[in-house]
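Participant: Below are the structure tokens for one structure; questions will follow.
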Amino acid sequence: MKKQLIAAAIACSTLFAFGAHAATLTIDDFNNGDQSIAAAGLGVLVSDTNSYRTLTTKLLSTALPTQSAVEVSNGGLHVTNGGGENSEVTVSWSIAPGLVPADATNLGFLFTVLLSDSNITDVGFFLNGNSIANFNIPGNTTNKDLTFSAADGILDDGGTLTMVLNGITGWDLDLDFLGMSYDLPTPSGVPEPSSIALLGLGLVGLGAVRRRKV
């Protein structure tokens with residue numbers, strides 16, 4: 001009887017485990033490949049590439065002294081601009097084909113924002129140079145996860161994924177994580193809720209039998 005109870009309990013826990021189908025894919029958690037670049041003048045591209053990403057910044061407007069800079073350090077992406085400065089920051093990654101499962105649905109870009117100043121940050125995503133998503137990070141966002149929808153299957157073929165960040169004069173932003181969120185289909189072997197209810201009744205019955213034998 002004890003073995004029957006254990007088997008039933010394992011079966012029940014397995015059913016509930018199959019019920020969780022949300023998943024997350026990390027594109028960059030910024031824990032590796034520290035980088036630091038500083039703006040070099042109005043309209044001048046400054047770029048740095050390592051095995052994790054390519055980081056680029058360009059000043060769109062400036063005021064002396066130049067303070068605009070971008071760095072990946074301490075597990076985060078940090079963008080700063082001086083009071084009279086506006087920069088465009090791009091981060092690029094090489095995405096392998098099939099990184100997101102082909103049957104994934106409800107695809108979304110997932111951010112963890114450590115801190116944004118009062119300015120809205122414009123975010124654009126490009127795959128192989130083609131625009132695939134545009135949205136905004138609200139101003140005064142602190143320690144918050146944000147998800148923005150994307151077209152299902154958009155990363156199936158892989159390629160170069162580029163994120164472009166821009167705000168208004170003086171914008172600052174700290175990101176802790178960038179990834180993809182998605183749902184996977186329910187496995188065909190998972191029973192309907194009525195079957196789970198029947199299993200629960202079976203467990204109750206087994207417990208009653210055990211009590212009568214004691």
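The values are calculated or read from the model by the stated rules, or taken from the named source; none is laboratory data. Model, not experiment: these values are computed from the prediction. Please note: Cβ atoms are built from the backbone with ideal geometry, for glycine as well, and neighbour counts cover all protein chains shown. Note: areas computed on protein heavy atoms with side chains; ligands, DNA, RNA excluded. Shrake-Rupley method; radii C 1.70, N 1.55, O 1.52, S 1.80 Å.
Participant: Return the residues of the range 38-52 that are surrounded by 12 or more Cβ atoms within 10 Å (Cβ to Cβ), over 23 Å from the mean Cα position of the chain (by Cα) and outside any strand (DSSP E or B); say none if nothing qualifies.
Facilitator: Result: A39, A40.
Participant: Something else about it: Please enumerate the residues belonging to the range 170-189 that are open to solvent by less than 50 Å² (accessible area, probe 1.4 Å) and either among the aromatic types (F, W, Y) or part of a strand (DSSP E or B) (or both). It would help to see each step written out before you state the result.
Facilitator: So the first thing to find is which residues in the range 170-189 are open to solvent by less than 50 Å² (accessible area, probe 1.4 Å), and the list is 170-171, 173-175, 177-182, 187.
Within the range 170-189, W171, L173, D174, L175, F177, L178, G179, M180, S181, Y182 meet the criteria.
Participant: When you check D145 against the structure, is it assigned to a strand (DSSP E or B), modelled with pLDDT of 95 or more and loosely packed, with under 15 Cβ neighbours inside 10 Å, yes or no?
Facilitator: Numbers: assigned to a strand (DSSP E or B): yes; modelled with pLDDT of 95 or more: yes; loosely packed, with under 15 Cβ neighbours inside 10 Å: yes.
Answer is yes for this residue.
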